[in-house]
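Student: Handing you a structure now.
We did not get these values from a lab; they are worked out from the coordinates using the rules stated. Fair warning: this is a prediction, and the values are worked out from it, not measured in the lab. Here the Cβ positions follow ideal geometry from the backbone for every residue, glycine too, while neighbour counts run over all protein chains shown.
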Amino acid sequence: MPRPEVQAPPDVFYNGAEARKYTTSSRIIEIQARISERALELLALPNDGVPKLLLDIGCGSGLSGETLTELGHHWIGYDISKSMLDVALERETEGDLLLADMGQGLGLRPGVIDGAISISAVQWLCNADKSSHDPRLRLKAFFGSLYRCLARGARAVLQFYADNVKQSEMIVTYAMRAGFAGGVVVDWPHSSKAKKSYLVLTCGAPSLHTSLPMGKGEDDEMCSDDDESNDEDGDRTVGIYERNRPKKRQKTKKNGKGKDWLLRKKEQLRRRGHDVPADTKYTGRKRKTYF
Amino acid sequence: MRLLTHNMLASNVRGVTTGYPLKLEATKWCTKEVELNADFIRGVLPKIDWRALVAATRALDLPELLPEEQPPEEEIFAEGAADVEGSAIRRIHHALLEIHIQEGSLVCPESSRCFPIDKGIPNMMLHEDEV
């Protein structure tokens, strides 16, 4: 099944029926909840009991926002799909919702936000859904406005699905150009199903805490996600997790034993006193390959 | 939409230099009680644009809620300030977090561009020629 991003623009793809799945499908809810929790972990907010003002970019039906509310924070959610926001209203999310296009810039005052998360949304910026869209300008507007509205030392954690390496690089490049420091943390890099990429960005002077945490599954941990029947094509088999086995050392081909070598060897053996056939025009002649 | 969010929003229209603050026009709004967390109010207060907040409360016809001038720090940070009925910190909490705008619009001060608010959600989508 092709990814949503190539099927239709987000406000079209996430129409009423699709948006419904985000309330009714427990599988989708569970996956989104887990990704949100991991994003919050990477956000590394200080544990001082003081609620923060956060952004949830591409908040959709409010699933990820709920994890923010559970921790006592206030948040502002952005989404381009009216249907998804209607679902969020039904679920009575605590955060304030905005119907907006992140590629147009976030439209917030400088330095007012304490942190931002985004779950499975940023990759939509890479597609030109309208002829007037230039993905690069949209990425620039998004990351630029995000950098400006974050307070000094604040972090943004953006979980995204990159279709290919080029897309992933494009996203990271525009983030860095906006002034962010940071990088990508990849959980379960060896599993195409469970692999999740989190762009962890910090705003302002680097501190002791700006070294990137290690992605899950990078120390050859078994990926538990492979056992779940949570793939998009409904495949119910257990996924086999293949560790990268070091390849057996290839035997080197005997290319280097030409005619000169042969003549030298024969001379050597003659000196030692062996009975060696005489050198003729047939010695070391290139022969037809038999195998 | 709460006034805390309104205080942060600016107009993104191309060519606009002062898209802040957005003028609030509310046709329908309500209040919903929220537990006071004094630390949050104290932390967020430096980020609040006081003039814009007061203007928003005036637009809702609540002239008595907040004073014209931002209350001095001692009043906000005083021990037990949160327990006093009608204290500054409580009023600020009420203004920022307990008022919900349901229908109305936000108007850009420079371009007069109108952003409608429907079911509490402002529509901040720009048209193609505004980007």
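Student: Which residues, taken from the stretch B:97-126, are under 21 Å from A:Ile80 (Cβ atoms), surrounded by fewer than 18 Cβ atoms within 10 Å (Cβ to Cβ) and more than 12 Å from chain A (Cβ to nearest Cβ)?
Tutor: Passing the criteria: only B:Cys114.
Student: What's the total number of residues in the stretch B:1-31 that are part of a loop (DSSP other than H, G, I, E, B), in contact (Cβ under 8 Å) with a residue 60 or more places away in the chain and within 10 Å of chain A (Cβ to nearest Cβ)?
Tutor: Residues in the stretch B:1-31 being part of a loop (DSSP other than H, G, I, E, B), in contact (Cβ under 8 Å) with a residue 60 or more places away in the chain and within 10 Å of chain A (Cβ to nearest Cβ): 9 in total.
For (1) surrounded by fewer than 18 Cβ atoms within 10 Å (Cβ to Cβ); (2) touching a residue at least 60 places away in the same chain (Cβ under 8 Å); (3) in contact with a Gly (Cβ under 6 Å, 6 or more places away or on another chain), each residue gets a yes or a no:
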| position | (1), (2), (3) |
| --- | --- |
| A:Ala100 | no, no, no |
| A:His133 | yes, no, no |
| A:Arg155 | no, yes, yes |
| A:Lys166 | yes, no, no |
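Student: Condition check: in contact (Cβ under 8 Å) with a residue 40 or more places away in the chain and either within 8 Å of another protein chain (Cβ to nearest Cβ) or of a type in the set (Phe, Trp, Tyr) (or both). Does A:Leu108 satisfy that?
Tutor: Criteria met by A:Leu108.
Student: So A:His190 ticks every box in (1) within 14 Å of chain B (Cβ to nearest Cβ); (2) not in a strand (DSSP E or B) but one. Which box is left unticked?
Tutor: Unmet condition: (1).
Student: Tell me, yes or no, whether the stretch A:144-158 has at least one residue that is in a loop (DSSP other than H, G, I, E, B) and within 14 Å of chain B (Cβ to nearest Cβ).
Tutor: No, the stretch A:144-158 contains no residue that is in a loop (DSSP other than H, G, I, E, B) and within 14 Å of chain B (Cβ to nearest Cβ).
Student: Applying the selection to the stretch B:82-115, what residues are among the small types (Gly, Ala, Ser) and assigned to a helix (DSSP H, G or I)?
Tutor: Hits for the stretch B:82-115 are B:Ala82, B:Ala88, B:Ala95.
Table: residues versus (1) aromatic (Phe, Trp, Tyr); (2) under 15 Å from the mean Cα position of the chain (by Cα); (3) within 29 Å of A:Gln104 (Cβ to Cβ).
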site: B:Asn7; (1), (2), (3): no, yes, yes
site: B:Thr18; (1), (2), (3): no, no, yes
site: B:Arg42; (1), (2), (3): no, no, no
site: B:Ala52; (1), (2), (3): no, yes, yes
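Student: OK, next. Among what's in the stretch B:48-81 and is without any contact (Cβ under 8 Å) to a residue 12 or more places away in the chain and in a helix (DSSP H, G or I), pick the residue that is surrounded by the fewest Cβ atoms within 10 Å (Cβ to Cβ).
Tutor: B:Glu74
Student: In the stretch B:82-96, what count of residues is obtained for those that are within 13 Å of another protein chain (Cβ to nearest Cβ) and in contact (Cβ under 8 Å) with a residue 60 or more places away in the chain?
Tutor: Counting residues in the stretch B:82-96 that are within 13 Å of another protein chain (Cβ to nearest Cβ) and in contact (Cβ under 8 Å) with a residue 60 or more places away in the chain gives 1.
Student: Enumerate the pairs (first residue in the stretch A:37-58 and without any contact (Cβ under 8 Å) to a residue 60 or more places away in the chain and under 20 Å from A:Ile76 (Cβ atoms); second residue anywhere and surrounded by 14 or more Cβ atoms within 10 Å (Cβ to Cβ) and aromatic (Phe, Trp, Tyr)) with beta-carbon separation below 9 Å, excluding pairs fewer than 6 apart on the same chain, so at least 6 apart or on different chains.
Tutor: A:Val50/B:Phe40; A:Pro51/B:Phe40
Student: List the helices (runs of 4 or more DSSP H) that sit entirely inside the stretch A:5-85 and contain at least 2 residues that are hydroxyl-bearing (Ser, Thr, Tyr).
Tutor: Because the criterion is at least 2 residues that are hydroxyl-bearing (Ser, Thr, Tyr), the helices (runs of 4 or more DSSP H) in the stretch A:5-85 that meet it are A:16-24, A:26-43, A:63-70.
Student: Out of the residues in the stretch A:87-105 that are at the interface with chain B (Cβ under 8 Å from one of its Cβ atoms) and not in a loop (DSSP other than H, G, I, E, B), which is nearest to A:Leu146 (Cα to Cα)?
Tutor: A:Gln104
Student: Provide a single number: the residues in the stretch B:8-19 that are out of contact with any strand residue (DSSP E or B) (no Cβ under 7 Å at 6 or more places or on another chain) and surrounded by 23 or more Cβ atoms within 10 Å (Cβ to Cβ).
Tutor: Qualifying residue count, the stretch B:8-19: 2.
Student: If you don't mind, there's one more thing I want to ask. Among the candidates A:Lys21, A:Lys52, A:Lys82, which residue alone is farther than 23 Å from A:Leu201 by Cβ, buried (at least 18 other Cβ atoms within 10 Å of the Cβ) and of a type in the set (D, E, K, R)?
Tutor: Just a single option satisfies the conditions, and that option is A:Lys82.
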